[in-house]
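Trainee: Take this structure first; my questions come after.
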Amino acid sequence: MPARAVNYRLRMQREEPADDRSARLVKRVMDVSLAGVALVGALPVMAVTAALIALEDGRPVLFVQRRVGREGRLFDMLKFRTMRENTLTIQQTGQVREDHPLVTRVGSILRRTKIDELPQLLNVLRGEMSLVGPRPTYPEHAATFTPFQRRRLEVPPGCTGWAQVNGGTLYTWDERIQMDVWYVDHWSLALDLRILLRTLGVILRGERAGTAAMDEARAHAARPSTAASATGSAVHLNGTPVPLNGTSVPLNGTPVRG
């Protein structure tokens, strides 16, 4: 499905130290290596998944969502389709849960087990995503980000992240952004490996609230220096500038799956 053209520009004005560049190069090598191995291992599961989706609700078995990557770069994120074929517009809002009546029976299982996210391994190999990082957001949401919220765009988006292994959808969008920013400021290869291991636990046992992680993220967000370290230009959607006026992402505090 063709991606909607969106003119989106965001300039981060922060120099990256040489040691950070070296660490991120290692992160990229790790991403490509692990994603490549995982993709080969997951091919049988992905083939069966595609067949089940096609049998239950026809084609397409995949759909594309326009998302915002590092420093505001747009890319097309891949997922297995989990809703009925004529409801793709609703599905792209990301505001439906596994028990929504428009979610297919196969789709409900895919969402619960996270198998619907497997095609994003291709996004990792293409350099648009990382295995670990803040979950990629929608352009419309990013256009309303405060300077603090924009800090989650300083690193590549991930297939899994610190927020996802500490409660995920049990917390509101704003709370998850606080954990994302904590990750941005505490990133390390060791932390990424820890998140990858804990992701397996989330898949097997389900989401569990990470109270300690949330408390630490809230305290980190309350520090004046946390938001002050990011600056950027206005965001443009369809050529129209949208002022960054401090308005939070308009989701009414309701947890959504992204």
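Trainee: Where does each of 216, 128 land when they are ranked from fewest to most other beta-carbon atoms within 10 angstrom?
Mentor: Details: 216 16, 128 21.
Ascending Cβ contact count within 10 Å gives the list 216, 128.
Trainee: Explain nothing, just compute: Karplus ³J(HN,Hα) = 6.51 cos²θ - 1.76 cosθ + 1.60, θ = phi - 60°, for every residue of region 133-144 in order, whole Hz, x for Gly and Pro.
Mentor: Along region 133-144, the couplings run x, x, 4, x, 9, 7, x, 5, 6, 4, 5, 9 Hz.
Trainee: Could you pull out every residue, at least 5 positions away or on a different chain, whose amide H is within less than 5 Å of the one on residue 135? Hs are placed 1.01 Å off N in the peptide plane, and Pro or chain starts have none.
Mentor: For residue 135, the qualifying residues are 158.
Trainee: Order of 205-214, 173-182 by packing, highest average Cβ count within 10 Å first? Intermediate values should be presented prior to the final figure.
Mentor: Details: 205-214: 13.5, 173-182: 23.6.
Result, highest mean Cβ count within 10 Å first: 173-182, 205-214.
Values quoted throughout were computed directly from the atomic coordinates according to the rules given, and no laboratory measurement underlies them. These numbers come from a predicted model, not from an experiment. Positions of Cβ are generated from backbone atoms using ideal geometry, with glycine treated the same way; all protein chains shown enter the neighbour counts.
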